[in-house]
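The values are calculated or read from the model by the stated rules, or taken from the named source; none is laboratory data. Fair warning: this is a prediction, and the values are worked out from it, not measured in the lab. When we count neighbours, we look across all protein chains shown, and the Cβ atoms used for this are built from the backbone with ideal geometry, even at glycine. Just the protein is used for accessible areas: all its heavy atoms, side chains included, with ligands, DNA and RNA removed. Shrake-Rupley method; radii C 1.70, N 1.55, O 1.52, S 1.80 Å.
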Amino acid sequence: MLVLAQISDLHLDGTARATERAERVLDHLRALPGPLDALLVTGDIADHGEESEYKEAARLLFADAPWPVLTCPGNHDARGPYRTALLGESSPSDAPVNRAHRVGGTEILMVDSSLPGSDEGQLDEETYAWIEERLAGLDDGTPVLLSFHHHPVRMHHPRLDTWRLRAPEPLAALVERHPEIVGLIIGHAHTPAATTFAGRPLIVGPGVVSTLRLPWEGEGLVDLDAPVGLAFHVLDDERRLTTHFRVVT
């Protein structure tokens, strides 16, 4: 059994509010009496894509982390500073930041759906080729979780749904071709949600910095007073993905 925690949309911006909310959820995770196999951080780690924001994120996420921390960029992230200040790479490349991780017997692909200069998302040809190459190199029977930032289906919020993943059809075709992909885990929406995509579970992690207000919940895009949210994902030996959502007050 694989147990993953997920946090998303920290939007670290140097303010005490954003830092405190991130520290609160990470302190909660570190204090858990039971072990986690990894922590997924699904984008919008920084708010402005600045080097100082990623240095703070590196301190919060990686310093003395008792589990592997797996990240992917969001639309507020900037690939160059993300690579150098968060990941510690020497080259500030603007190429997509795609990373594969083996956690237990599961392959977790952290995929870059960011589209520089846009709040919308996109998986480019380089990323699709990378995913196919990773999948082709796996042993038969290896389960795969695909994680990225942008939602490829409607979330039923008129403004949020203008910031979707562009042209999700090739992704749907890829997922349908590969039964080893057992689920997709994303962020971006600032609301816990569960649906399906190409016949697989699609799980949306809540936001750390704020929570989306759905159209029937009142005016204003986000609720800044809502408690910090997180998710726990359990992948069992039958390849069933189960998600539990929690808040941290």
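Values as computed for the structure displayed
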read-out	value
Length added when fully stretched, residue 62-residue 162, from 0.36 nm per residue minus Cα-Cα	32.7 nm
Selected from 126, 50, 107 as most flexible by GNM, with the chain as the system and alpha-carbon contacts under 10 Å	126
Dipole magnitude of segment 1-155, debye to nearest 20 (Cβ charges: Lys/Arg +1, Asp/Glu -1, about Cα centre)	520
Percent carbon-and-sulfur accessible area, segment 97-249, ignoring ligands, DNA and RNA, probe 1.4 Å	49
Accessible surface, the chain, averaged per residue in Å² (probe 1.4 Å)	43
Solvent-accessible surface ranking, highest first, for 47, 119 at 1.4 angstrom	119, 47
Ordering of 74-87, 181-194, 93-106 by burial proxy (mean other Cβ atoms within 10 Å per residue, highest first)	181-194, 74-87, 93-106
Extension gain from residue 20 to residue 133, taking 0.36 nm per residue of separation minus the Cα-Cα distance	36.7 nm
Among 130, 144, 162 the positive-end extreme of the charge dipole of segment 120-249 (Cβ point charges)	162
Rounded if a/c under 1.5, otherwise prolate or oblate - the chain, Cα gyration tensor axes	rounded
Protection-proxy order for peptides 221-230, 202-211, 10-19, 128-137, each taking the mean of Cβ atoms within 10 Å per residue, highest first	202-211, 10-19, 221-230, 128-137
FRET efficiency, 1/(1 + (r/R0)^6) with R0 30 Å, evaluated for residue 196 and residue 237 via beta carbons	0.90
Inter-probe distance in nm under a simple model that places probes 7 Å from Cα toward Cβ, at residue 125 and residue 222	3.5
Segment 168-249: trypsin sites (Lys or Arg not before Pro) in DSSP loop, at most 11 other beta carbons within 10 Å	240
